[in-house]
Amino acid sequence: MQINALNNLNENQNKAVKHIDGPALIIAGPGSGKTRVITSRIAWLVQNNISIHQIAALTFTNKAASEMKERIFKILDSNPVKYLPNIGTFHSFCAYLLRENSELLAVDKNFLIYDNYDQISVIKRVLNDLNLDVKIYKPQMILGLISKSKSQLETVEEFGKNISTAFNKNVYEIYKNYQEKLTQSNAMDFDDLLVNAYFLLKTNINLLLSYNEKYKYLMIDEFQDTNFVQYKIARLLSNEHKNIFVVGDPDQSIYSWRNADITNILNFKTDYPNTNVIYLNQNYRSSQNIIDASQSVISENQNKYDRKIFSAQNSEGNLIVTVESYDEIEEAEKIAGEVNKIIKSTQTKLSDIAVMYRTNAQSRAFEQVFSLNQIPFQLVGGTRFYQRQEIKDLLAYIRLVLNLNDDSSFLRIINTPTRGIGKSTVDKITQNAYMNSLSCLESAKSLANDQSNNEINLSTGPSKNINMFLDILNNLQIKSENSEIDELIAEIIETTKYRDYLISNLSNPEERLENIEELISSITNFDAIDPKNKINEFLESVSLINDVDSIQDDTERLTLITLHQSKGLEYDTVFLTGLEDGTLPHILSFDNEMEMEEERRLLYVGITRAKQRLYLSRVFKRGGWGKSEVKSPSRFLYDIPDSLVVGHNVNKPDKNSPKSSFKRYSNIKNTDVKKKPEINAGEKVKHPTYGEGIVISAVNSTDDIELTIAFDQNKGIKKFLYSMSGIIKI
């Protein structure tokens, strides 16, 4: 039975859902039901005789898009429409638009989408071709510059007009060669999907009008995360009807490093003067104490919409717990202990607990300690299934069989499994390809059969090995014409002796073989729109997967995740770790007010992931680059009222103190310490948890003592700060 799309909505949600024509800006606080508003609005429009095919709804993750579709069809009580390219991610929508109009492009309909691995591979080839030092022109840095340029719609030619240094001249040459290689391989990177879609719409007025007519209602989720080109595409798609409905929260804009532009949401009312602005301020996720803590943190920012968020829950909830530890290992041990306590004393499941951190490197201590304590966890952002070596290898074979110009795949598997084609031979192939504007496969064929201009020559052995490899590819191509994909993979494994290669050369071969079985299963079960084009559709779906899509909600495991990856998620219990100056906020943000505001928004996002329990954890010393540094508490902690916190308070500076004006921008030491006793190496002490032990060393710091203690009964050697430890001399 169809459900009324307006059921169980609060007043402002109702207003948002019932908005029909003209621009609308929905400022949606954390946990305010923004996904519900978007899906209910789509369902409501459909229930009011607007076809779902006239609505384009764009978001940023496959996970969010899938949830959106599921909820819409649940409200409508109808079977999901098999193919809805108009409800998905920005990138998938643009890929669809480009494939639908491929005759207007320089690549054909079955273009590949290069992921980060492929991009790095191409950049390294370009650097080699141009004889540039990879240590100076770091591939990931160069990709960042190229991505930034593309996100600003700056073409290679325009980039070349603004060269002022030798470094930029070389970056221009890299950019130019990189784009040429992508075109030659019939490939696009993620930014190309957006840029090419924009120029396609911008330069073809009839095409633009047809899409404005086709999609009369445009909706954008997480609008604060859009970059310049995405907003430009949105403006083009709504150019005629102005029915653009955007939902977002400027306080959760945390992706400037990915070229997201917070001014898109801050200036939306200026760009669309008749905008209907609706605030969703009722939080259905978090307790009032957690909300108050988040508001006290974010209120210090200047770039924001002022609003009062309030909880839909009836009680204030638990106080926020602060945790202090000596170093990252003790931090992980304390959190592991607290996790076990929560599991034993409450109904909370492991899957409803998350440990969050600013940088990926911080996960190491938690992985180590949780493994020792047998606490199951999933690491979001670890090596994803489709990024595993054996999976990348087999997908490279498939991609190359489908597209012999795919240089990235060719170079990955030319000597995998090893077949006597070494680095010097590969270098000659890529050099010849560069000099003669050939694909790598054409270059290899030319050199192996002495058809080149003789500037580069191969000896008999490498030539023979290359021809054997080319024969394998030729046979696989013939096989692919009349085979199902599982048969083709089996043929690849058999012909190349890939199974023997796994067993003889790589770790965990059994697990890798299981992964290959899973790959075959995932392709076999893939639901293609066009069965004849199944493998190309599958390859596109794989290339558009991101870290958050890999989260498994149905497994009993705690989640380890960065703060950036956590946006849009929620957990009953959240541990926010590494809350020290230099970690969060990150040290690179100290000299930039805009970046400091984004760091504050990052903490705000973390706080608002929690439903019932929130822990704020910091350490006295944190390791980095082979050494440990003394850390001060995060300056953001000073903004959380003491009344919301239980545990170790961070003393706020006296408002009358001349130093108080530096509260947000200077390292302020925690002065809440006990009077230092006389404790010396060799003395016996007692700890409330570990019992009796012998002091190995006692080092005086400015206002505390760093103790290293060997405990009895095999409890090991531990480090503490005296003021936090509860230790007494015996």
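Looking only at residues that are touching a Pro at 6+ places or on another chain (Cβ under 7 Å) and not in a helix (DSSP H, G or I) in the range 217-248, which one is most open to solvent (accessible area, probe 1.4 Å)?
Here is the first cut: in the range 217-248, the residues touching a Pro at 6+ places or on another chain (Cβ under 7 Å) are 224, 242, 244.
With not in a helix (DSSP H, G or I) added as a condition, the list becomes 242, 244.
Details: Lys242: 85, Ile244: 0 Å².
Among them, the one singled out is Lys242.
Of all residues in the range 268-303, count the ones that are open to solvent by 50 Å² or more (accessible area, probe 1.4 Å) and among the small types (Gly, Ala, Ser).
Residues meeting the conditions: 1.
Can you find, within the range 574-595, the residue that is surrounded by the fewest Cβ atoms within 10 Å (Cβ to Cβ) among those that are touching a residue at least 60 places away in the same chain (Cβ under 8 Å) and assigned to a strand (DSSP E or B)?
His586
Do you know which residues across the range 492-528 are surrounded by 12 or more Cβ atoms within 10 Å (Cβ to Cβ), touching a residue at least 60 places away in the same chain (Cβ under 8 Å) and in contact with a Pro (Cβ under 9 Å, 6 or more places away or on another chain)?
Thr496, Lys497, Tyr498, Asp500, Tyr501, Leu502 - these are the residues of the range 492-528 that are surrounded by 12 or more Cβ atoms within 10 Å (Cβ to Cβ), touching a residue at least 60 places away in the same chain (Cβ under 8 Å) and in contact with a Pro (Cβ under 9 Å, 6 or more places away or on another chain).
Filter the range 435-448 down to residues that are open to solvent by 70 Å² or more (accessible area, probe 1.4 Å) and either more than 21 Å from Asn186 (Cβ to Cβ) or of a type in the set (A, V, I, L, M) (or both), then give me how many there are.
Result for the range 435-448: 1.
Can you work out which of the residues in the range 82-136 that are small (Gly, Ala, Ser) and either in contact with a Gly (Cβ under 8 Å, 6 or more places away or on another chain) or under 30 Å from Phe167 (Cβ atoms) (or both) is modelled with the highest pLDDT? First the steps, then the outcome.
Pass one, the range 82-136, residues small (Gly, Ala, Ser): 88, 92, 95, 102, 106, 121.
Still in the running and either in contact with a Gly (Cβ under 8 Å, 6 or more places away or on another chain) or under 30 Å from Phe167 (Cβ atoms) (or both): 106, 121.
On the way: Ala106: 76, Ser121: 90.
If we take residues in the range 82-136 being small (Gly, Ala, Ser) and either in contact with a Gly (Cβ under 8 Å, 6 or more places away or on another chain) or under 30 Å from Phe167 (Cβ atoms) (or both), then Ser121 is modelled with the highest pLDDT.
What number of residues within the range 254-267 are farther than 10 Å from Thr226 by Cβ and either open to solvent by less than 10 Å² (accessible area, probe 1.4 Å) or not in a helix (DSSP H, G or I) (or both)?
2
Determine, yes or no, whether Asn274 is without any contact (Cβ under 8 Å) to a residue 60 or more places away in the chain and not in a helix (DSSP H, G or I).
Values: without any contact (Cβ under 8 Å) to a residue 60 or more places away in the chain: no; not in a helix (DSSP H, G or I): yes.
No.
Looking only at residues in the range 468-490 that are under 17 Å from Leu404 (Cβ atoms) and charged (D, E, K, R), which one is most open to solvent (accessible area, probe 1.4 Å)?
Step by step, filter the range 468-490, then rank; the result is Glu481.
If a residue has to be buried (at least 18 other Cβ atoms within 10 Å of the Cβ) and not small (Gly, Ala, Ser) to count, how many in the range 314-326 make the cut?
Of all residues in the range 314-326, those buried (at least 18 other Cβ atoms within 10 Å of the Cβ) come to 317, 320, 322-326.
With the extra rule that they be not small (Gly, Ala, Ser), the set shrinks to 320, 322-324, 326.
Residues in the range 314-326 being buried (at least 18 other Cβ atoms within 10 Å of the Cβ) and not small (Gly, Ala, Ser): 5 in total.
Ser666 versus (1) outside any loop (DSSP other than H, G, I, E, B); (2) open to solvent by less than 50 Å² (accessible area, probe 1.4 Å); (3) modelled with pLDDT under 85; (4) among the polar types (S, T, N, Q): which is the lone unmet condition?
Checking Ser666 against (1) outside any loop (DSSP other than H, G, I, E, B); (2) open to solvent by less than 50 Å² (accessible area, probe 1.4 Å); (3) modelled with pLDDT under 85; (4) among the polar types (S, T, N, Q), the one that fails is (1).
Across the range 191-216, what is the number of residues that are open to solvent by 30 Å² or more (accessible area, probe 1.4 Å), touching a Leu at 6+ places or on another chain (Cβ under 8 Å) and not in a helix (DSSP H, G or I)?
The number of residues fulfilling the criteria is 1.
Return the pairs, sorted by first residue and then second, in which the second residue is open to solvent by 30 Å² or more (accessible area, probe 1.4 Å) and assigned to a loop (DSSP other than H, G, I, E, B), the first residue lies in the range 279-300 and is basic (Lys, Arg), the beta carbons are less than 8 Å apart, and the residues are 6+ apart or on different chains.
From the range 279-300, the pairs are Arg285/Glu570.
Got a number for residues in the range 134-166 being outside any helix (DSSP H, G or I) and hydrophobic (A, V, I, L, M, F, W, C)?
Quick first cut of the range 134-166, residues outside any helix (DSSP H, G or I) only: 134-138, 152-155, 161-165.
Within this subset, residues satisfying the condition of being hydrophobic (A, V, I, L, M, F, W, C) are 134, 136, 153, 163.
Going through the range 134-166 one residue at a time, the tally reaches 4.
Take Asp115 and tell me if it is open to solvent by less than 40 Å² (accessible area, probe 1.4 Å), touching a helix residue (DSSP H, G or I) at 6+ places or on another chain (Cβ under 8 Å) and of a type in the set (Asp, Glu). Steps first, please.
Working: open to solvent by less than 40 Å² (accessible area, probe 1.4 Å): yes; touching a helix residue (DSSP H, G or I) at 6+ places or on another chain (Cβ under 8 Å): yes; of a type in the set (Asp, Glu): yes.
Here the answer is yes, as Asp115 does meet what is asked.
Given Thr430, Thr460, Thr418, which one is open to solvent by 50 Å² or more (accessible area, probe 1.4 Å), under 19 Å from Ala396 (Cβ atoms) and not basic (Lys, Arg)? Quick ask: steps written out before the conclusion?
Details: Thr430 fails: open to solvent by 50 Å² or more (accessible area, probe 1.4 Å); Thr460 fails: under 19 Å from Ala396 (Cβ atoms).
The unique qualifying residue is Thr418.
Conditions tested, residue by residue: (1) basic (Lys, Arg); (2) within 26 Å of Asp306 (Cα to Cα); (3) open to solvent by less than 20 Å² (accessible area, probe 1.4 Å).
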position: Asn8; (1), (2), (3): no, no, no
position: Lys18; (1), (2), (3): yes, yes, no
position: Ser32; (1), (2), (3): no, yes, yes
position: Arg41; (1), (2), (3): yes, yes, yes
position: Met68; (1), (2), (3): no, no, yes
position: Phe73; (1), (2), (3): no, no, yes
position: Ala95; (1), (2), (3): no, no, yes
position: Arg99; (1), (2), (3): yes, no, no
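Mind checking which residues of the range 347-394 are part of a loop (DSSP other than H, G, I, E, B) and open to solvent by less than 40 Å² (accessible area, probe 1.4 Å)?
Taking the range 347-394 and keeping what is part of a loop (DSSP other than H, G, I, E, B), we get 347-349, 358-359, 373-376, 380-384, 388.
Hits for the range 347-394 are Thr348, Ile375, Val380, Gly381, Gly382.
Can you find a residue in the range 170-190 that is open to solvent by less than 30 Å² (accessible area, probe 1.4 Å) and within 21 Å of Asp261 (Cβ to Cβ)? Quick ask: steps written out before the conclusion?
To start, the set of residues in the range 170-190 that are open to solvent by less than 30 Å² (accessible area, probe 1.4 Å) comprises 171, 174-175, 177-178, 181-182, 185-189.
From the residues that got through so far, the ones that are within 21 Å of Asp261 (Cβ to Cβ) too are 189.
The answer is yes, given that some residue of the range 170-190 is open to solvent by less than 30 Å² (accessible area, probe 1.4 Å) and within 21 Å of Asp261 (Cβ to Cβ).
List, please: which pairs have Cβ atoms under 6 Å, are six or more places apart or on different chains, and start with a residue in the range 301-327 that is outside any loop (DSSP other than H, G, I, E, B) and end with one that is at pLDDT below 85?
Going by the 6 Å Cβ cut-off, the qualifying pairs are Val321/Gly647; Thr322/Gly647; Thr322/His648; Glu324/His648; Glu324/Met724.
The values are calculated or read from the model by the stated rules, or taken from the named source; none is laboratory data. Not measured: the values here are computed from a predicted model. Every residue, glycine as well, gets a Cβ built from its backbone with ideal geometry; the counts of neighbours run over all protein chains shown. Ligands, DNA and RNA are excluded from the accessible area calculation, which covers all protein heavy atoms including side chains. Shrake-Rupley method; radii C 1.70, N 1.55, O 1.52, S 1.80 Å.
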